[in-house]
Amino acid sequence: MFNSNTGRVRIQGGSFTSILGDVHYYGRLDELERMSVKGKQKALDLLRQHITPGAFHDSDERYDPPKCHPHTRQAVLRKILNWLNDPTYCQSFLWLHGPAGAGKSAIAQTIAEICHEAGCLGACFFFCRTALLRNSKTHLIATLAYQLTLHLPSIVDHVAKAVDKDPSIFSRNLASQMKALIIKPLNDAVKEADNTSTWCRRPVLLIVDGLDECNGPKAQHYILQILSDCAQCCILPIRFLVASRSEQEIREAFGNEYLASQTLLIALDDMYHPDDDIYTFLSSRFDDIRSKHPYRRTFPGDWPSADILQQLTTRSSGQFIYAATVMKYIESRRHSPRERLDVILGLSNPGDDAPFSELDAIYNHILSSVANITPVLEILHYMIRYDCSANGIRSVLGYTWDDIQLLLADLHALIDVPDMVAGSGAVDSNPELSFYHASLADYLADPSRAKEFYVLPGNLHARFAQIWIKFSLSPHKAYIQPFHNVSYHCTQATLTPELVHELSRVDMMKIYGCTWGGVHKIFEWLKNQGTPTAERLYHNQLSHFADCMRGYIQCYPPDIQVYIAMILGLPEPVNSPAFCSLLALSGTLDETSHVTGILPEFLFGEPAHRNPVEEFTCVMFNLLTGGYPDLPEKLVEVPSPENWYALVSYYVAKLIIAIHDRRRQYFPSLIQLMNDLVCKALINHELADFLRRNKFEIVDVNSNIVGIESISNMEELVETVSAYVQKCDSVAGGTSQ
């Protein structure tokens, strides 16, 4: 309102109407409405104070950033550029996701450079968890807004006006910053553009890389929500390329109604044949080493071989981070590439070197984010050693599927944890988990790399022994493998209190029945521990085991019990000729003898369908070769070494006399065994009387089946028997010794 007595006032432009002396102005007053150049500059300076230049795609802070090697990632790059340029793609968002080290940042950097050259890159923000100003959401909006003012000069005045109007805008939440610094300036500039302006019709690309490296899952979710608001409210066609790991909060954000319908997903998986690209990358980098490295004259012409390149490709598991880390280590100009390649291949010791330091830093960071690491490490080691199926983890480790998903929620960068409901809607009752990084197993097994996440082998074996014992005690889990695993882990375990408790509950006969020789390893391991606890557990379990075995043996016919006593009392090594002959001798036992019972039905079938002699031989062989300490005297009353040779000579002589034609294959070994035994036997008049009465029958009955090659052995036996009888006859009184 202007008074009529105001004096000279000069107004240019616009229109006004005078009604009863009042003056109303409609239109634009440049002097009143437009910011001064000084005020505009002040606002832009304030904006610059709240940006993070290190987050730009071409910042010096990110010097030599990762980017796609020439002739690699062609399919992925082509799909992203098609999404940006092809109007048939209606999605405002493209989510490039994959495991740690898959090459997401390299792809984002390459796209940024391509689009910058093409003039369609609006802004970038490359998050980094280790960079102070690039690991939080604080400067995200200001940084994007500043870059947009450089790309779109038409919005500069509008952004400056917003800052001038509210200099504290940078302390407000992201939603307010987004609205004031990006959405409103863009929309106002588009509305002011004339029909000849083309900039407002071309898509503008905004790249947010490494969203998972922004501190806090809630912040990551919030950022996507704000970007979603921008896409919905802006008149200008904006495209958001978001690259990140598939973390839980980020997955949930992309699953909301708007983003789910407006997002093109690109998963860096096997569909894009990463192994081919990695092989190309490795070949090219080795070409550079062969042509430029100071040691290049020392390389053989075929170094490295195609097999080694393929081996490195396989170890990469489709993840570029492994290949890039390896090559950075090998191509050091201060070291021999050949020697360093040998370190990578495990052919030489790295010494103080840390060839996988970059990869280890990723593993350490991801595992550090896990709240309950103990069960997670248990699952990881189980997957590495045994089984990656959900059913295996559930049944053996005792976790439900919900438990598994919750425990591994922070490890989606390392492990593929599929949903039970597939994309087709079908329910998979046993989804298969898988590792993105094969090298994770090497990391966990190396204390210098895993550090606080390293589990001592003895403790790890103790834990797995406990797990398999519990599993074997379940009544519906009666099959062989758990018992093999119990034996394997026990013999390499540290005897922890928890393992002692579980071992005191386990039935050693079950382990014996399933593994034959496995249980003796547990007994030997317990005996060698050298602690009172281990000794007490050893004697308790051995006594129980012997009681069970003795119960079975006492059910055998008398002749078999004698045979068992002979074998268990063998005073010679188990690999001696006498031992081998005694095993062969078991084939002469009566096949109708009942020798079943030691081995369980689920391993050898129903007793009626077994070969009792074959089973008995297996059991005896196992008992003897197993080396069960302190066991023989607990099973049967074995003969003393002084009487053993005479007793066995008597038994073998009876078998030679009674042998049938269908057992003729045993006769040569029996002759040799009989000769060896009688030579070592002490004076025993009962044996001498038997041999005196039957020596002619031995020759007469069997001479027709001996075979020419055994005639000399038979003649030697006759001489040995004759000499033994004469020695016994020469001793007056004749009591057995």
Subject >> Number of the exception - PRO300 against (1) in a helix (DSSP H, G or I); (2) over 18 Å from the mean Cα position of the chain (by Cα); (3) farther than 20 Å from LYS451 by Cα >> reply: (1)
Original post:
modelled with pLDDT of 90 or more, under 30 Å from MET509 (Cα atoms) and surrounded by fewer than 19 Cβ atoms within 10 Å (Cβ to Cβ) - does that describe any residue in segment 383-400?
Top reply: yes
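Yes or no, residue by residue, for (1) touching a residue at least 60 places away in the same chain (Cβ under 8 Å); (2) within 25 Å of HIS273 (Cα to Cα); (3) buried (at least 20 other Cβ atoms within 10 Å of the Cβ); (4) in the same structural domain as PHE435 (by TED's automatic domain parsing):
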| residue | (1), (2), (3), (4) |
| --- | --- |
| LYS292 | no, no, no, no |
| ARG296 | no, no, no, no |
| PHE299 | no, no, no, no |
| THR313 | no, yes, yes, no |
| ALA324 | yes, yes, yes, no |
| ILE330 | no, yes, yes, no |
| PRO337 | no, no, yes, no |
| ILE344 | no, yes, yes, no |
| ILE362 | yes, yes, yes, yes |
Original post:
TYR63 versus (1) in contact with a helix residue (DSSP H, G or I) (Cβ under 9 Å, 6 or more places away or on another chain); (2) without any contact (Cβ under 8 Å) to a residue 12 or more places away in the chain; (3) of a type outside the set (Asp, Glu): which is the lone unmet condition?
Top reply: (1)
Subject >> Residue within segment 170-180 that is closer than 20 Å to LYS40 by Cβ, under 45 Å from the mean Cα position of the chain (by Cα) and without any contact (Cβ under 8 Å) to a residue 60 or more places away in the chain present >> reply: yes
Original post:
When segment 16-60 is examined, which residues are found to be modelled with pLDDT under 95, in a loop (DSSP other than H, G, I, E, B) and surrounded by 14 or more Cβ atoms within 10 Å (Cβ to Cβ)?
Top reply: MET35
Original post:
Scanning segment 72-88 for residues that are in contact with a Phe, Trp or Tyr (Cβ under 8 Å, 6 or more places away or on another chain) and part of a helix (DSSP H, G or I), which turns out surrounded by the most Cβ atoms within 10 Å (Cβ to Cβ)?
Top reply: VAL76
Subject >> Cross-chain or 6+ apart pairs with Cβ under 9 Å, segment 445-458 first and surrounded by 13 or more Cβ atoms within 10 Å (Cβ to Cβ), then in a helix (DSSP H, G or I) and among the β-branched types (Val, Ile, Thr) >> reply: ALA445/ILE384; PHE453/ILE373
Original post:
Can you tell me which residues in segment 47-93 are closer than 17 Å to VAL204 by Cα and β-branched (Val, Ile, Thr)?
Top reply: ILE80, THR88
Original post:
Do we have any residue at all in segment 498-521 that's surrounded by 19 or more Cβ atoms within 10 Å (Cβ to Cβ), more than 22 Å from PHE471 (Cβ to Cβ) and either of a type in the set (Ser, Thr, Tyr) or at pLDDT 70 or above (or both)?
Top reply: no
**OP:** Would you check which residues across segment 119-151 are within 22 Å of LEU236 (Cβ to Cβ) and small (Gly, Ala, Ser) and list them?
**Re:** GLY119, GLY122, ALA123, ALA142, ALA145
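The values are calculated or read from the model by the stated rules, or taken from the named source; none is laboratory data. Since the model is a prediction, treat every value here as computed from it, not as a measurement. Virtual Cβ from ideal backbone geometry, glycine too; neighbours counted across all protein chains shown.
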